[in-house]
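The values are calculated or read from the model by the stated rules, or taken from the named source; none is laboratory data. Predicted model, so just to flag it, every value in this text is computed and none were measured. Glycine also receives a Cβ, built like all others from the backbone with ideal geometry; neighbour counts cover every protein chain displayed.
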Amino acid sequence: MTSLLILIVVVLLGIAVWQLTKIFDLTQISVPGEASDASEIANERDNNVNGYLMFGFLAFLYILTIYSIAKWGHFPLLTNAASEHGETVDNLMIISLVVIFAVQLLTQTLLHWFAFASRGIAGRKAFYFADNDRLEFMWTIIPVIVLSGLILYGLYGWTNIMFVDEDEDVMYVEIYAKQFGWEARYAGEDNVLGKANVRFIEGVNTMGVDMSDPNAADDIAVSELHLPVGKKVVLRIRSQDVLHSVYLPHFRAQMNAVPGMVTQFAFTPTITTSEMREKPSVIEDVYNINAIRSKESAERIAKGEEGLDPYEFNYVILCNKICGASHYNMQMRVVVESEKEFNNWLKDQKTLKTTIAANSDNTDANVHVDEAGFVVPENVTVDSTAVVAQVIK
Ligand SMILES: [Cu+2]
């Protein structure tokens, strides 16, 4: 309703301005026989001014672009990729940027130069031709070759990234997305994730793992993702409610989390968290962030609020689909460490089965444990309308 009112006001304002300009035009009476600036036909001076203004605009465009690149053109996602395939993605990005910049520099310069060179001059007539096959051929074939090259390189990179050899020694980890947070599940010793479905969500079994599936017995649910460096990990991605997107910027990895299906992305981390913290560019970023943060912290303390802790570099999973009100805050910390550190950490994590059993001891009415020790949810109904309402609101 408010938007409709705003729209009506904007339309009425437009009509008012239009009427005012008409009145203004009517008041500009020109005396017959006298040269008047109010003439609607452009004279030599108008044409020259417009011709030079085109150059002025071109200069403005590039001075602004080059100044922006020099001042803010720090591209943290074009270097320091922390995964094996990351370099391919970065190269594709850099090549695309260079090609786009070169092509637009050439075309914009030509466009503005032609506008200047062909400006109206008294007595000069425009040269007209209906078509020119050679020109048509050139501006068709050159983009075709350049774009095919880029697309083929992209496809080659993508198939290489997405291909997982069946014999390869990989680690399976499930990433579970929901409004608004992430959970992860390790496949355990058997390296097979137990089946899961949203209908099994109950109590501590927040990912809806089917505990009657024997493969689920050793699955480990965590809220922080740890990965051993140099080991290929296959992320199996599910969503509880709406579309989310698993985005691991430092590893150049992204895949949608789609309700009702399992998507996957495989990558090999190559740099541990502590190695990344030592990189000069990361140290500089952290320093800059903390300079802003300490200012903010001082302001908070002055107001009697709690101060902020200093920022420390960490890999993260972010959500890259606008999935609702708290989308911006959907993140999970990722720790890349040596295989030994990873194994020690994993050893300390409890299996989902143990956690559920410990909780069901407190007699949860809807859950019982069968003879094999598996927790079986009874009459679990999931109110999916509640989630939809939240999205619409
Ligand atoms: Cu999300």
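Tell me yes or no: at least one residue of region 112-132 is under 30 Å from Ile317 (Cβ atoms) and not assigned by TED's automatic domain parsing to the domain that holds Val258.
Of region 112-132, the ones under 30 Å from Ile317 (Cβ atoms) are none.
Within region 112-132 (the criterion being under 30 Å from Ile317 (Cβ atoms) and not assigned by TED's automatic domain parsing to the domain that holds Val258), the answer is no, since none of the residues qualifies.
So, Ser118, is that one closer than 23 Å to Phe251 by Cβ and of a type in the set (Gly, Ala, Ser) or not? No; evaluated as a whole, the condition is false for this residue.
Residue-wise test of (1) at pLDDT 80 or above; (2) farther than 28 Å from Val233 by Cβ; (3) exposed (fewer than 11 other Cβ atoms within 10 Å of the Cβ).
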| residue | (1), (2), (3) |
| --- | --- |
| Asn314 | yes, no, no |
| Cys319 | yes, no, no |
| Asn359 | no, yes, no |
| Val367 | no, yes, no |
| Glu378 | no, yes, yes |
| Val387 | no, yes, no |
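Between His226, His250, which is over 18 Å from Gln264 (Cβ atoms) and in a strand (DSSP E or B)? Going through His226, His250 in turn, just one is over 18 Å from Gln264 (Cβ atoms) and in a strand (DSSP E or B): His226. For region 226-245, a residue qualifies if it is farther than 23 Å from Glu166 by Cβ, within 16 Å of the ligand (Cβ to nearest atom) and not polar (S, T, N, Q), and the qualifying residues are Asp241, Val242, Leu243, His244. Any residue in region 251-269 that is away from the ligand (no atom under 16 Å from the Cβ), over 22 Å from the mean Cα position of the chain (by Cα) and in contact (Cβ under 8 Å) with a residue 60 or more places away in the chain? The answer is no, given that none of the residues of region 251-269 is away from the ligand (no atom under 16 Å from the Cβ), over 22 Å from the mean Cα position of the chain (by Cα) and in contact (Cβ under 8 Å) with a residue 60 or more places away in the chain. Within region 306-352, the residues that satisfy the criterion of being within 10 Å of the ligand (Cβ to nearest atom) and of a type in the set (A, V, I, L, M) are Leu318, Ile322, Met330.
Among the listed residues Glu189, Glu183, which satisfies the condition of being assigned by TED's automatic domain parsing to the domain that holds Thr268, on the phi < 0 side of the Ramachandran plot, charged (D, E, K, R) and part of a loop (DSSP other than H, G, I, E, B)? So that I can check it myself, show each step before the final result.
On the way: Glu183 fails: part of a loop (DSSP other than H, G, I, E, B).
So the residue among Glu189, Glu183 that is assigned by TED's automatic domain parsing to the domain that holds Thr268, on the phi < 0 side of the Ramachandran plot, charged (D, E, K, R) and part of a loop (DSSP other than H, G, I, E, B) is Glu189.
The residues in region 337-353 that are within 30 Å of the chain's Cα centre (by Cα) and buried (at least 17 other Cβ atoms within 10 Å of the Cβ) can be counted, and the count is 2.
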